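K.L.:
I have a structure here, written as C-alpha coordinates, and I will follow up with some questions on it.
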(Lines give C-alpha, C1' and ligand atoms only; values in the text may rest on other atoms or scores of the structure.)
Protein backbone atom coordinates (compact mmCIF):
# COMPACT_ATOMS: atom_id res chain seq x y z
CA UNK A 1 0.00 0.00 0.00
CA UNK A 2 1.32 3.42 -0.92
CA UNK A 3 1.98 5.72 2.02
CA UNK A 4 2.10 9.49 2.35
CA UNK A 5 3.96 11.56 4.86
CA UNK A 6 1.69 14.02 6.68
CA UNK A 7 2.49 16.85 9.03
CA UNK A 8 -0.11 17.86 11.59
CA UNK A 9 -0.26 19.12 15.14
CA UNK A 10 -1.80 17.48 18.19
CA UNK A 11 -2.21 18.68 21.75
CA UNK A 12 0.91 18.24 23.87
CA UNK A 13 -0.75 15.72 26.21
CA UNK A 14 -1.72 13.54 23.24
CA UNK A 15 1.82 13.66 21.86
CA UNK A 16 3.29 12.74 25.24
CA UNK A 17 0.84 9.87 25.71
CA UNK A 18 1.69 8.57 22.24
CA UNK A 19 5.43 8.74 22.96
CA UNK A 20 5.00 7.07 26.33
CA UNK A 21 2.70 4.25 25.23
CA UNK A 22 3.69 3.44 21.64
CA UNK A 23 7.13 2.43 20.40
CA UNK A 24 8.74 4.95 18.06
CA UNK A 25 8.65 2.67 15.01
CA UNK A 26 4.99 1.76 15.60
CA UNK A 27 3.50 5.24 15.97
CA UNK A 28 2.51 5.69 12.32
CA UNK A 29 0.64 2.38 12.33
CA UNK A 30 -0.99 3.27 15.64
CA UNK A 31 -2.19 6.65 14.37
CA UNK A 32 -3.36 5.09 11.08
CA UNK A 33 -5.42 2.50 12.96
CA UNK A 34 -6.94 5.17 15.19
CA UNK A 35 -7.84 7.38 12.23
CA UNK A 36 -9.32 4.42 10.33
CA UNK A 37 -11.46 3.48 13.33
CA UNK A 38 -12.74 7.05 13.73
CA UNK A 39 -13.46 7.34 9.99
CA UNK A 40 -15.47 4.11 10.17
CA UNK A 41 -17.46 5.55 13.09
CA UNK A 42 -18.18 8.70 11.09
CA UNK A 43 -19.29 6.61 8.11
CA UNK A 44 -21.62 4.55 10.31
CA UNK A 45 -23.05 7.70 11.92
CA UNK A 46 -23.78 9.15 8.47
CA UNK A 47 -25.42 5.91 7.33
CA UNK A 48 -27.57 5.87 10.46
CA UNK A 49 -28.56 9.51 9.86
CA UNK A 50 -29.54 8.70 6.27
CA UNK A 51 -31.55 5.65 7.34
CA UNK A 52 -33.44 7.66 9.95
CA UNK A 53 -34.06 10.40 7.40
CA UNK A 54 -35.38 7.85 4.89
CA UNK A 55 -37.64 6.08 7.37
CA UNK A 56 -38.99 9.40 8.62
CA UNK A 57 -39.74 10.54 5.08
CA UNK A 58 -41.58 7.29 4.36
CA UNK A 59 -43.57 7.14 7.62
CA UNK A 60 -46.59 9.07 6.31
CA UNK A 61 -46.66 7.08 3.06
CA UNK A 62 -46.46 3.81 5.01
CA UNK A 63 -49.29 4.86 7.34
CA UNK A 64 -51.50 5.76 4.35
CA UNK A 65 -50.73 2.46 2.64
CA UNK A 66 -51.49 0.51 5.81
CA UNK A 67 -54.83 2.29 6.15
CA UNK A 68 -55.70 1.45 2.54
CA UNK A 69 -54.76 -2.19 3.03
CA UNK A 70 -56.80 -2.43 6.21
CA UNK A 71 -59.83 -1.02 4.40
CA UNK A 72 -59.32 -3.41 1.48
CA UNK A 73 -59.12 -6.36 3.87
CA UNK A 74 -62.23 -5.33 5.82
CA UNK A 75 -64.20 -4.36 2.69
CA UNK A 76 -65.12 -7.94 1.77
CA UNK A 77 -65.20 -9.36 5.28
CA UNK A 78 -69.03 -9.63 5.32
CA UNK A 79 -69.01 -11.61 2.08
CA UNK A 80 -66.43 -14.03 3.41
CA UNK A 81 -68.22 -14.61 6.70
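The values are calculated or read from the model by the stated rules, or taken from the named source; none is laboratory data. Every value quoted in this text rests on a predicted model; they were computed, and no experiment measured them. Don't worry about glycine lacking a Cβ; one is built from the backbone with ideal geometry, like all the others, and counts go over all protein chains shown.
K.L.:
Go through 41, 61 for me and flag whichever is in a helix (DSSP H, G or I) and under 24 Å from the mean Cα position of the chain (by Cα).
P.N.:
41
K.L.:
If only one of 35, 10, 31 is surrounded by 10 or more Cβ atoms within 10 Å (Cβ to Cβ) and in a loop (DSSP other than H, G, I, E, B), which one is it?
P.N.:
Going through 35, 10, 31 in turn, the sole match is 10.
K.L.:
Please specify each residue of region 13-28 satisfying the condition of being touching a helix residue (DSSP H, G or I) at 6+ places or on another chain (Cβ under 7 Å) and part of a helix (DSSP H, G or I).
P.N.:
If the condition is that a residue be touching a helix residue (DSSP H, G or I) at 6+ places or on another chain (Cβ under 7 Å) and part of a helix (DSSP H, G or I), then 18, 27 are the ones that fit.
K.L.:
On the basis of being at pLDDT 90 or above and exposed (fewer than 10 other Cβ atoms within 10 Å of the Cβ), does residue 24 make the cut?
P.N.:
For residue 24, the condition - at pLDDT 90 or above and exposed (fewer than 10 other Cβ atoms within 10 Å of the Cβ) - is met.
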